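Data first, discussion second: the structure below is written as structure tokens.
Throughout, read-outs are computed from the coordinates displayed, never taken from laboratory work. What you see is a predicted model; the values in this text were computed from it and never measured. Heads up, the Cβs are rebuilt from the backbone with ideal geometry, glycines too, and the neighbour counts pull from every protein chain shown.
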Amino acid sequence: MESLSLWFTAPEKAELKASRLLPPEKNEILVKALFSGVSAGTERLVYRGEATAEDTWDTSLPTVEGSFYFPLKYGYSNVGEVLACGKEVVKFKPGDKVFVLAPHQSHYVIRQEWANPLKESISPEKGVFLANLETAINCLLDAEFHLGENVVIFGQGVVGLLLTQLFRLAGAEKVITVEKEAKKQGVSLKVGADYCFSPEDKSFLSLIRNLTKGKGVDLAVDASGTPEALDLALKTVAFQGTVLVVSWYGNKPVTCYLGKEFHRKRLNIKCSQVSNLNPALVYRWDKKRRMALAQDLLPRLKLEELISHIYPFKNAPAVFQEINRHPEEFIQVIFKYF
């Protein structure tokens, strides 16, 4: 069977390439893609060649091909239908819908353990949110957030907008967001933010202080992918508060002033990355439990507001050009295959 895949072949260049697939072996399944989601922040970094060459693949992305040197086949949010199964496959049968951490590709053969059964309550189109929802859930597990606390979230891309909803569900007293793009500001307020400020508004730091009675927020989360946001986040948190970094900056340098705001206030800077869980939780939590929670939560979230564009997969190279030129116009981009 022939498969069509999206490859990043050079900085700011993408093309579709055809290849032949071998039939599935005894523990493998053949999947026909239905939809795949573009993680615009991360994939734009890769498309532009701004991922560091020293970075290695996340071991949870076994279907990715290449390296951060070009060419590479990238992506990690693919929903498809099982077409055929190897003789030892027990988890799936033809016709089953699955979510896979797989690149943008029309057909693929994978080991059965790499696929997640998609619950019947989740449409294949909405299933593409599962990868970023796992990232957002992991953030809350890392944050050790408490009922009634205040949070500010920098960046209202897909991950940021999912975090806005999850912190609301988790019982935040105030959910404050910071986003410079007007389109995303509007969506942020629709899905649950109490306030959304632009970082270009010089008064937004004092406004956050006023909203928290002069103390600052308990937690600031940087999901913006913007190096400048980390330093701003430090200025928003209360004494002994935490700044949680979800962003992947790629090879962009980050300047952070660790003077008064950091040192005197005994602030914490912590990383959250979806490949691993909070070490304090590993005896009770694993990736299987996290995925199960993501599938349970997905129908409860506002997702239609996050979908900005749906394109035929054949248009993928041109779509990445537009995402690169006008990132402010895009939130969740979805490729439709058939």
What is the Cα coordinate range of region 253-338 on the first, second and third principal axes, sorted by size from largest, in whole angstrom? 53, 37, 22
Can you list the chymotrypsin sites (Phe, Trp or Tyr not before Pro) in region 265-331 that are in a DSSP coil and have 14 or fewer other beta carbons within 10 angstrom? Tyr283
Say each of Tyr195 and Val254 gets a label point 7 Å from the Cα, pointing the same way as Cα to Cβ; how far apart are those two points in nm? 2.5 nm
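At most 14 other Cβ atoms within 10 Å and a DSSP loop assignment: could you name the trypsin sites (Lys or Arg not before Pro) in region 260-318 that fit? Don't skip to the answer; put the middle values down first.
Values: sites: Lys260, Arg264, Lys265, Arg266, Lys270, Arg284, Lys287, Lys288, Arg289, Arg290, Arg300, Lys302, Lys314; in loops: Lys265, Arg266, Arg284, Lys302.
Those that pass, being in a loop and sparsely packed, are Arg266, Arg284, Lys302.
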Quick calc: nm separation of the 7 Å Cα→Cβ label points for Arg266 and Arg284 -> 2.6 nm
May I ask you to evaluate 6.51 cos²θ - 1.76 cosθ + 1.60, the Karplus curve with θ = phi - 60°, for each residue of region 8-13 and list the ³J(HN,Hα) values in order in whole Hz, giving x for glycine and proline? 8, 9, 6, x, 6, 9
What are the extents of the Cα atoms of region 133-279 along their three principal axes, in Å, largest first? 35, 33, 32
For the chain, what are Rg and Dmax over the alpha carbons, in angstrom? 20.3, 64
Given Cβ charges of +1 for Lys and Arg and -1 for Asp and Glu, the option among Ala238, Leu298, Val109 whose Cα lies farthest towards the positive end of the dipole of the chain is Ala238
Placed amide H near Cys196: partners under 5 Å, 5+ positions off or other chain: Thr177
Taking the simple approach of a point 7 Å from Cα along Cα-to-Cβ for both Lys17 and Lys119, what is their distance in nm? 3.8 nm
Where does region 63-204 land on Rg(C-alpha)/(2.2 N^0.38 Å)? 1.31
Taking every other residue with Cβ under 9 Å from the Cβ of Pro117 and scoring Lys and Arg +1, Asp and Glu -1, one gets +2
Quick query: amide H of Ile269 versus all other amide H atoms, modeled in the peptide plane; which residues come in under 5 Å with a sequence gap of 5 or more or a different chain? Val243
